[in-house]
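Notes follow once the structure below has been shown.
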Amino acid sequence: MIQRLKLITSCLLLVWAVATYAAYDRTTYYRQADGKKAAALKTALYNIIGNPSVKSYNSLWTYYYDTDRLSDNQVVDRYSNTKRYFTSQNGNAVSGMNKEHGIPQSWWGGGTSGIGADLQHVMPSESDANSRKSNYGMGIVTSQSWTNGSIKVGKGTAGNNGTVQLWEPADNWKGDFARAYFYIVTAYEEKSLVQKEGANTMQNNTYPKLQQWAYELYIKWSAEDPVDDLERKRNDVVYGIQGNRNPFVDFPGLERYIWGDLKNTPVDLANYTSPDGGNTQVEATASFAVETKSMLVGETFQQGVTTDSNGAVSYESSDSDVASVDAESGLVTAHAVGSAVITATVAATSTYRSTSARYTIVVTSNGGEPQPSTGTTYEKVNTRPADWAGTYLIVYEAEDVAMNGSLSDYDVANNTIPVDIRQETIAVTTATEAAEFVATAMSDGQYSLRGKSGKYMGNTSSKNTVVASDTPLPLTLSVTSGVASIVTDNSNVLRFNSQNGQKRFRFYKSGQQSVSLYRRAAGTDTGIEVHQGNTSRNETYDLTGRRLQKITRPGVYLINGKKIWLKP
């Protein structure tokens, strides 16, 4: 029964949408502690995990979004059974909750630097529970004065201290708090931790640091409430944030080699077997062959996760409205334009910890691979169209060249083809068709540009470059006063370099020459009539849909429902 509540929590699993697991080699990381015992082992661990790069105390709620959030956005609260939820990663405290120190602040004289902001023991807590537990020691409450259904506060015995004020965690969190205490007295071995309220939990030394009644009780709790997947994952994420780990989570039962019945036995960390029973779990690998997959609405896609673990695999989508995934098979179905992250979670086994891998689905259109328009001319885009979807030439007018969309590598010198610009109109030829780029809507008002080669154009770094990608890259398109802007997510702008030896289109951080966009006209069943000279007729529009009172220059127009090319 002790593990029942935690098993329910573990089934929800923590979400790591922002934080990334920090990879580490367990044998290398803990090498200097291998073969040691008792005080020497504790000090060796101190030299490994001490002086972590803790974050500011005021920023901890930002990090709790990664360390203590379940898949339904619920906050993990080890001090209460009340469910509360994150609404965003804005750094604001969740209503009704505090940042609670497992080891009370008064024991080291207060302060919120170092130990005062260490995520390994400063965790979200119901504010009332935080207040009620005060600065009491952690032990067994035999005469309860307050409870919230999770923790208890009251009086109990603590070794030779007699009857004192204590607080007691719920059974399903006792091991977690015990391992947090073991961590603190190891990572801050040099720090004086003097308790003034209730039980005397600490000794003012470096070893054993804990009073005998305390370490004996906490060793018992740690064995009764063993390390689980929720705790391991939190340890991984905290390591990625502040650069150190809790070795009592990595090596269940390690406390027995420092304070317990094995303190006279050198520990073999390279071939560690938990003295509490069973082998300790090691890190499993997990990956996908395809990291980003472009799909059309209605399409399906399936790829399995590659892992060295034999744990059960389940799949989940970050946005099922865009792309849903079958939880067991991993079959993805695209539903709407946008993007979604597919996560495969590999369950823990007796050998391996739970692990996960992710890839991104980008749904780019509503069916059918985007095709070029069939009109016979390209018209300069002077104003922003209602919808950018269509076929374009990207042109540097000063040298009558367009970017060559037929290249498999766009980032080459002279990535151009010549074009013949006549009154802001370019006739379609075999050569110009090779230079075409098709714009397709993505999410958030952005578009992708796919060249004739089938490669998508964009930029994925801050460098002056242009990428040819097999998957769509988001771009923001605009035009101001006849000047086109094609901008990447990192704010690089597509420009033309007119210097000798360059002559290339590329995304630049600054400088270089502006480009223009020429849009290929849509084909019509009636074809194009050719007229000589200017004219004025009713119901006349340019190809952007703007109604004209009078035609003042040659070009292609929609006149009375027909497409007419007025020659010079």
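Backbone amide hydrogens, once placed in the peptide plane, bring residue 195 within less than 5 Å of 201, 202, excluding anything fewer than 5 places away on its chain.
Using only side-chain charges placed at the Cβ, +1 for Lys and Arg and -1 for Asp and Glu, the dipole size of segment 162-288 relative to its Cα centre rounds to 360 debye. Cut-off under 13 Å on the C-alpha distance; same-chain residues fewer than 8 positions from residue 83 excluded. Which aspartates and glutamates are left, in chain and number order? Leaving aside aspartates and glutamates fewer than 8 places away in the same chain, those within reach of residue 83 are 68, 72, 126. If you sort the three axes of the alpha carbon gyration tensor as a ≥ b ≥ c, you get a/c of 1.5 or more for segment 149-189 and a/b no higher than b/c, which makes it oblate. For the residue pairs 55/463; 155/209; 152/220; 191/233; 209/263, alpha carbon separations beyond 20 Å are given by 55/463; 155/209; 191/233. Taking one quarter of the surface of the convex hull spanned by the alpha-carbon atoms of segment 182-243 gives a direction-averaged projected area of 5.3 nm². Straight Cα distances below 19 angstrom link residue 37 to the aspartates and glutamates 189, 190, 216, 250, 255, 261, 268, 276, with same-chain residues fewer than 8 positions distant left out. Annotation: Cα Rg of segment 292-332 relative to the compact-globule expectation 2.2 N^0.38 Å equals 1.25. Were the residues from residue 224 through residue 146 laid out at 0.36 nm apart, the gain over their Cα-Cα distance would be 25.7 nm. The amide H of residue 323, built 1.01 Å from its N in the peptide plane, has 335 as neighbours under 5 Å, considering only residues 5 or more places off or on other chains.
Remind me, what semi-axes does segment 406-500 give for its equivalent ellipsoid, largest first in whole Å, using sqrt of 5 times each Cα gyration tensor eigenvalue?
21, 16, 15
Principal semi-axes of the equivalent ellipsoid, √(5λ) from the alpha carbon gyration tensor of segment 23-124, are 30, 17, 13 Å from largest down.
For residue 63, neighbours were defined as the other residues whose beta-carbon sits under 13 Å from its Cβ, and their charges (Lys and Arg +1, Asp and Glu -1) total +1.
Estimated at 0.36 nm per residue, the fully extended path between residue 216 and residue 310 surpasses their Cα-Cα distance by 30.2 nm.
Rule-based calculations on the coordinates, nothing more; no lab input. The structure presented is a predicted model; accordingly, all values stated were derived computationally and were not measured. So basically every Cβ, Gly included, is an ideal-geometry build from the backbone, and we count neighbours across all protein chains shown.
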